[in-house]
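Here, each number is a calculation from the coordinates, and none is a lab measurement. As the structure is a prediction and not an experimental result, all values here were calculated from the model. Here the Cβ is made from the backbone with ideal geometry for all residues, glycine too, and neighbour counts use every protein chain on show.
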Amino acid sequence: MSASDWREQLASSVQSTSAESMPGLAPAQLLHVSAADWGKLARVAKELGCRWVAGWGEDRAEEILVNACLEKKGAYMIARARLDHTAVTLPSHTPYYAAASRSERHTRDLVGVHFSEHPDARRWTRHQAWAEHAYPLRKEFAAAGAPPLQTPPDDSYPFLQAHGSGVYEIPVGPVHAGIIEPGHFRFQAVGELVLNLEEHLGYVHKGIEKIAEGRDAAALARLAGRISGDCTVAHTWAACMAMERASSLDVPERAHYVRAIMCERERVANHLGDIGAVLNDVAFTFGFYQFARLREDWTRLSHALLGHRFMMDRIIPGGVAVDLDPAGIDAMREQIRALRPEVEQLIAIAEDNASIEDRLETTGYLDPVLAAELGTLGYVGRASGIDFDVRRDVPYPPYDRLEVAVPVYHYGDVAARVKVRGAETLFAFELIERLLLALPDGSIANPWQPPASELEGIGLVEGWRGEILTYVRFDSAGKITRFYPRDPSWLNWPALEKLMRDNIVPDFPVCNKSVNGSYSGHDL
Amino acid sequence: MIGWAMAAVQCLLFVATAPLFAGWIKRVKCRAQNRAAPSLFQPYRDLTKLLRKGVVLAYDASWIFRATPYVVFTTTVLAAAVVPLIALRLPTSAIADVIVLVGFLGLGRFFLALAGMDIGTAFGGMGSSREMMIGALAEPVLLMTVFTLAMSASTTNLSEAVSFTLHGGLVIRPSFLFALVGLMMVAVAETGRIPIDNPATHLELTMVHEAMILEYSGRYLALLEWASMIKLMVYFVLIANIFAPWGIASTTTPTTLALGVLAIALKLMLLGIVLVLWETVMAKMRLFRVPQYLGFAFLLSLLGMLTHVILESGGH
């Protein structure tokens, strides 16, 4: 069966019309689905074994659009339903796809679309502080908002309760000790055993989707770089890719390579830091400091060669803002030569230590079936048997010229997630070396040309957390009217709730760190 | 009279040098992890800073919460007074034996656990419950190891027991070896070190001791921190002087006292390095492994006692 067969099957099973060719949306196809068949679409897609990728709504003055993106075997499809402003109700996808739940709550909160049969009526992104019928992504809602003088407390979120003798509740956050982002975790526990964990996010909602409206391409790229600081390169890349596809702008070969080098550098920096942080959470401080040292050396070279420790704003629409000179190429090669044996040695030390092994193995087990159900991405998915990587399965330049190895494990525990990240780090070294070797000559950017008409585009990038999907739509003046970046954290956060079950309370920090969802990337 | 003065001086020395010992451990630890180390006197600076700061009290804090820092500090100082540091046969050692020592520490723990629950935060209660679980398993081990020693020396008085080992010559007693390992394991657990607890963590959900004192600030926190430094030193002085008492002053001449100070300083430095090496190569164990760990320590101390009965007490 060819990869696209399922798309025809899906299209024929519901009342739908295939849209005219949309080059900006490649590799996805657009399918208009009638509102009544929206639920059926999910049911059939589920039967066909599709993965639910993303969902977003859009207020177009004359109608409201709701999109859902599905994927199977590297072929994407964007299903779209048109709704009238007077009847903004749509069947929910959540009964078939657990992954859709929070996304639909987000769309309900911000766009004001009601999803019938959605099992969860509680607000998600839009906390209690917002007025009942204030939908920030509606066109009539001012970007500045209308904040009250004093924000009412967000204290009545009805968490799932557990009853029985000896059951108690532990509220954690949203403000945490240490330098991490705000998010609330509610545990129901008996003794040290976790019965249930429920997350409550949205504390770092910045209105990214709203303030993107009306921006030009360069400003949007900068905004995308601030969705989540730790994956600024991947998000900017995805946003630029979407804009470039929408306006059919070619990017110079050299820029593709430099983008990939930066993206791999970002992957290495975060993996190194996080492996160390996992070790710190089990009080193996030696490992923490060693990995922190390597990460620091790594980011310092990024700063020296590319002008920014996290390489923020180095990717611009049409190319990149910074070039690599021969000396810089040598410095990167030299650093990899020096770092590789150190990383290998440290990973070996951590893997050989019985007390670490005892802490990480079987801890935070995510069943492969559940992982697939939740659509988990990146190393969280790959540690639970999900063999998917955008770089290999839907290759975009320059990865279409490279062979990408994807480490996959089935153990699903913290140890497996750490293993995946170790393997990805070492493989990223190899990728950077190959990219540097094959770095083509030429210019690093083509001038940006705003599209002359209303156009849409999607960007798909494998960030270090996993697949990032970014949707943009330009208006006829070449300004952004809709921007939706789907960070992989949307699909990995729910996995954390599930993998904590039957673990002990003090193992939460290490489980959380092994997933390391982005609060900011999720809250938008 | 001079004896009491000596006892007072020894106790003061104990209390005053406890932060120095903590500073030493911190320093060695930083070195072992390839980090730049803070000054040896950093703990003093931290304590001074905390003592200067105001206290923030929760609305629901009762007298238990306010009294606990003083109770814990006092009981720990009293426990320190009982332990021979540089000289033996001081009058303080006659008023209390090892059972009282364990009692002092137990009383401090009891109040600390109450204070953890007093405010009503989830973390405090969690810390208290974990601390009591560890305490309930660790105290018997502590008693058993000291009893092993007491059976050889025929006394539960620490000073006399130490002097028994000191004057018994260099005899290797298998029972002492068992007791030594048992006591070291329990010392690690009781003072909240890796692999039982991590004194340097910021992760509330993993904390034991730190979770109970999470709501404390200012001088209250200073007293509690200081008390835990003293407690750490109590355990290590116990280990040092019970199992290797050489150098401790039996008389109160200036030379022997100076030698006593030097000896205990060297022993503590050495033990500090051992502790750091242990903490550096180990990750913290899962909480449900702690009973197994302490069960093993108990088994060792029991074996120590049996060895004494079987191998060492015949022939009298």
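Some notes on this structure:
- Mean separation of Cα contacts under 8 Å (6+ apart) over length of chain A, as relative contact order %: 17 percent
- Listed by chain and number, the lysines placed with their C-alpha closer than 19 angstrom to that of A:Lys72 are A:Lys40, A:Lys46; residues fewer than eight positions away on the same chain are left out.
- Relative contact order computed over region B:169-273 (Cα-Cα under 8 Å; 6+ residues apart), in percent: 19 percent
- Counting Cβ atoms of other protein chains within 10 Å of each residue's Cβ and taking the mean over peptide A:274-285 gives 5.
- Set B:Lys29/B:Lys231; A:Lys210/A:Lys498; A:Lys513/B:Lys231 screened for pairs whose C-alpha atoms are more than 23 Å apart: A:Lys210/A:Lys498; A:Lys513/B:Lys231
- Between A:Ala36 and A:Tyr168, the distance separating the two model label sites (each 7 Å from Cα on the Cα→Cβ line) works out to 5.6 nm.
- Residues A:Glu181, B:Glu190 arranged by fewest to most Cβ contacts within 10 Å: A:Glu181, B:Glu190
- For B:Lys26, a cut-off of 15 angstrom between C-alpha atoms picks up these aspartates and glutamates, skipping any fewer than 8 places away in its own chain: B:Asp46, B:Glu225, B:Glu279.
- Summing +1 for each Lys or Arg and -1 for each Asp or Glu among the other residues whose beta-carbon sits under 15 angstrom from that of A:His114 gives -1.
- What separates the Cα centres of region A:175-210 and region B:116-158 is a distance of 34 Å.
- Label-to-label distance for A:Arg138 and B:Ile64 is 5.3 nm, based on points extended 7 Å past Cα in the beta-carbon direction.
- 10 Å binning of all Cα-Cα separations within region A:5-116, expressed as whole percents from 0 upward: 15, 52, 31, 3
- Between B:Ile172 and B:Leu259, the C-beta separation translates, for a Förster distance of 25 Å, into a calculated FRET efficiency of about 0.55.
- Value of [θ]222 nm, deg cm²/dmol, for chain A, DSSP H segments ≥ 4, -39500 (n - 2.57) each, nearest 500: -12500 deg cm²/dmol
- Inter-chain Cβ neighbour average for residues B:197-208, partner chain, 10 Å: 6
- In this rough spin-label picture, where each label sits 7 Å from Cα along the Cβ direction, the A:Asp358-A:Gln345 distance is 2.7 nm.
- Between the C-alpha center of region B:215-232 and that of region B:165-180 there is a gap of 35 Å.
- Cα gyration tensor shape of region A:377-480, rounded if a/c is under 1.5, else prolate or oblate by comparing a/b with b/c: oblate
- Between 0 and 90 degrees, the angle of helix B:218-243 with respect to the longest Cα principal axis of chain B falls at about 20 degrees.
- For region A:401-410, Karplus couplings with θ = phi - 60° (6.51, -1.76, 1.60), whole Hz, Gly/Pro x: 9, 10, 8, 9, 8, 10, x, 10, 10, 10
- 10 Å Cβ shell holding at most 14 others, DSSP loop, GluC sites (Glu not before Pro): longest site-free stretch of chain A: A:141-360
- Region A:365-524 - percent relative contact order, Cα under 8 Å, separation 6 or more: 23 percent
- Cα gyration tensor shape for the protein assembly as shown, rounded if a/c is under 1.5, else prolate or oblate: prolate
- From least to most packed, judged by other beta carbons within 10 angstrom and beginning with the fewest, B:Cys11, A:Cys511 follow the order B:Cys11, A:Cys511.
- Based on the reciprocal of the average 1/r between different C-alpha atoms, the Kirkwood radius for chain B equals 20.1 Å.
- Prolate/oblate/rounded label for region B:1-109 (Cα gyration tensor, a/c 1.5): oblate
- Ordered by the number of other Cβ atoms lying within 10 Å of each residue's own Cβ, fewest first, A:Arg108, A:Arg222 fall into the sequence A:Arg222, A:Arg108.
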